Amino acid sequence: MKRFYNHRDTLVAEGIDGFLRSSAGSHLCRLEGHDNIHVVFRKEWDKSKVAIVSGGGSGHEPAHAGFVGKGMLTAAVCGALFASPNVDAILAAILEVTREAGCLLIVKNYTGDRLNFGLAAEQARLLGKKVELVIVTDDIALGRGPHARGIAGTVLVQKIAGHAAETGAGLAEVKQAAAEAINTTVSLGLSLSDVNVYDPEHETRLNEDEAELGLGIHGEPGTERIAVDRLDALVAKAADTLVTYLTSEKQAVMVNMLGAVPVLEAQAIVDSLSRTSLAERIDVLIGPAPMMTSLDMYGFSLSAIPAQPDFIEALKSPVEPWAWPGIAPFGSLQTRPTPTLPDTFAYKPSSNAYIENFITHGARILIDNEKDLNALDARIGDGDAGSTFAEASRIILKNIARLPLASPQELCETLGRLLARNAGGSSGVLLSIMFATAGQKKDWRDGLVAGLERMQKYGGASLGDRTMLDALIPAVTALQAGSLQQAAKAAREGADATRAMPAKAGRAAYVPQDQLRNIPDPGAEAIARLLEGLSKLS
């Protein structure tokens, strides 16, 4: 498995230092002097207020250092990958930030964390520090109770306790706010993968067709393996399970990404959430965002806490840490009507049997060549050139009864609008420009010449740049004084010439030249095949 790191043993220290050098961590600093003590804390804080300290194993970033800042944590203690920080590191953090008001430790419910944070708290008390501790048990995968793990809901507890401390509450009051949040917060994860903690011999326990519900943030097995399904089904499975543990009507729900889910898919998860049994219970939403991750696990978790006024006030309060995504009301989408656009079919349909047959035949040529052109494009591009031309052809065939076939000028203008509104890819847009421009001329031949000039202006390519223009320009030139057969011959010669051309425009310009050798430009090849097929009609 490929990853960016120098050595597993140095990754945590290097990651922390990189964070502190970044714009996101410029308000923070760290302790130094011991290789196994990794404590990140605020450069400036009001020392008259209760300090909030949390932490745990690394690999869950941005937790916990990403939540250090005004309004949330005063310090975070970072252990090795998926390993609790040692007692000395935790004690050092307590001693660094604890003043007269005292310190609250927020600890996830794992044996190592409970023991190490607990012992550090006892040692700090012996040194005269006022220290309290709370244990987060939000994971409902194994049911509620003393053995429930602490997962993403820990961030909600940190936010609520941080708000209480920031507003000047005393240590007992801050602890009470955290305890109330812990008692009412529930979380559940779902993932398509487990996690590899930099183990070259790691073997995944999940098959390609398996997902897991209720797994832990260290890759601990979940409560149930389920079949990979559509997004709506997976999100509903997680949401339905979470709902059974909710005790109040309205909830603040946090959508947490576990590390590898792309932003687009994360946003789609939120949309799917709107179609679940949980949706009607959601008052405000937090995320989607990576908050408590598991390195690059491909999954998400849902956390819910009652939307009671004191919790909402705490969750809404502004904070300094970059990793807190804020909250927003959850409900129906806010939309506005699309402005009135020019009518695609501005002209009345008219008939011309020859033109209709000509267009129909041309469209079928491009549809029949879809796979071949895609395969050709896949050798030098993204493999969709054939589909772009074929989809434009299907759109034209679908609407052929609405076209003004008897008027070349009106037909070109209509085709330009139709392609602009429906065709995909740069080829579709460029052809729409050509036809739209051609529709501005009374003589269709003059219109095509003008259209080609406009294509070159907006597309930035010209003859010899290895694009479809290398077939189009010679074909249109030949058509001015000759027949369709001559245009087809010129297009074929132009397309074949692209085999030896260096790419100066289009997607092929980003491909090494030696990989283009003896491969025609797919767009030029499409034009050549189209005109060759049409030339047999006349």
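The values are calculated or read from the model by the stated rules, or taken from the named source; none is laboratory data. The shown structure was predicted, so the numbers you read here are calculated from the model rather than taken from an experiment. Don't worry about glycine lacking a Cβ; one is built from the backbone with ideal geometry, like all the others, and counts go over all protein chains shown.
List of remarks:
- When the criteria are applied in full, P85 fails the requirement of being of a type outside the set (F, W, Y), outside any helix (DSSP H, G or I) and either out of contact with any strand residue (DSSP E or B) (no Cβ under 9 Å at 6 or more places or on another chain) or surrounded by fewer than 23 Cβ atoms within 10 Å (Cβ to Cβ) (or both).
Residue-by-condition table, conditions (1) assigned by TED's automatic domain parsing to the domain that holds G112; (2) crowded, with 21+ Cβ neighbours inside 10 Å; (3) over 30 Å from P309 (Cβ atoms):
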{"position": "P200", "(1), (2), (3)": "no, no, yes"}
{"position": "G219", "(1), (2), (3)": "yes, yes, yes"}
{"position": "V235", "(1), (2), (3)": "yes, yes, no"}
{"position": "L242", "(1), (2), (3)": "yes, yes, no"}
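- Look at (1) outside any loop (DSSP other than H, G, I, E, B); (2) over 18 Å from the mean Cα position of the chain (by Cα); (3) more than 30 Å from L484 (Cβ to Cβ) and you find that N357 fails only one, number (3).
- Residue match in the range 483-506 (condition: at pLDDT below 85, surrounded by fewer than 19 Cβ atoms within 10 Å (Cβ to Cβ) and assigned to a helix (DSSP H, G or I)): no
- Test for V131: is it in contact with a Cys (Cβ under 8 Å, 6 or more places away or on another chain) and in the same structural domain as G55 (by TED's automatic domain parsing): yes
- Residue match in the range 331-340 (condition: of a type outside the set (V, I, T) and part of a helix (DSSP H, G or I)): no
- Only a single criterion out of (1) at pLDDT 85 or above; (2) out of contact with any Pro (no Cβ under 9 Å at 6 or more places or on another chain); (3) part of a helix (DSSP H, G or I) is not satisfied by T467, namely (3).
- Within the range 247-271, considering residues that are modelled with pLDDT of 95 or more, among the small types (G, A, S) and over 12 Å from M297 (Cα atoms), the one surrounded by the most Cβ atoms within 10 Å (Cβ to Cβ): A252
- Selection status of L397, touching a Gly at 6+ places or on another chain (Cβ under 8 Å) and either within 18 Å of E525 (Cα to Cα) or at pLDDT 90 or above (or both): no
- Selection from the range 77-101 of residues that are touching a helix residue (DSSP H, G or I) at 6+ places or on another chain (Cβ under 9 Å) and among the acidic types (D, E): D88
- Filtered by the rule that a residue be surrounded by fewer than 22 Cβ atoms within 10 Å (Cβ to Cβ) and at pLDDT below 90, the range 514-533 gives D514, Q515, L516, R517, N518, I519.
- A390 vs. criteria surrounded by 22 or more Cβ atoms within 10 Å (Cβ to Cβ), under 15 Å from A526 (Cβ atoms) and in the same structural domain as R466 (by TED's automatic domain parsing): yes
- Some residue of the range 295-317 being buried (at least 21 other Cβ atoms within 10 Å of the Cβ), farther than 30 Å from G55 by Cα and either modelled with pLDDT of 95 or more or of a type in the set (F, W, Y) (or both): no
- Positions within the range 172-225 being among the β-branched types (V, I, T), modelled with pLDDT of 95 or more and farther than 15 Å from T137 by Cα, in sequence order: V174
- Entirely in the range 223-307, the strands (runs of 3 or more DSSP E) that have 2 or more residues that are over 12 Å from L190 (Cα atoms) and over 19 Å from the mean Cα position of the chain (by Cα): 251-257, 282-290, 299-306
- Here T204, T247, T223 are screened, and the one residue that is β-branched (V, I, T) and within 23 Å of I282 (Cβ to Cβ) is T247.
- So V174, is it crowded, with 21+ Cβ neighbours inside 10 Å, among the aliphatic types (A, V, I, L, M) and part of a helix (DSSP H, G or I): yes
- Filter result for A406 (hydrophobic (A, V, I, L, M, F, W, C) and either part of a loop (DSSP other than H, G, I, E, B) or farther than 19 Å from L531 by Cα (or both)): yes
- Subset of the range 138-169 [outside any helix (DSSP H, G or I) and in contact with a strand residue (DSSP E or B) (Cβ under 8 Å, 6 or more places away or on another chain)]: D138, D139, I140, A141, R144, A148, R149, G150, I151, A152
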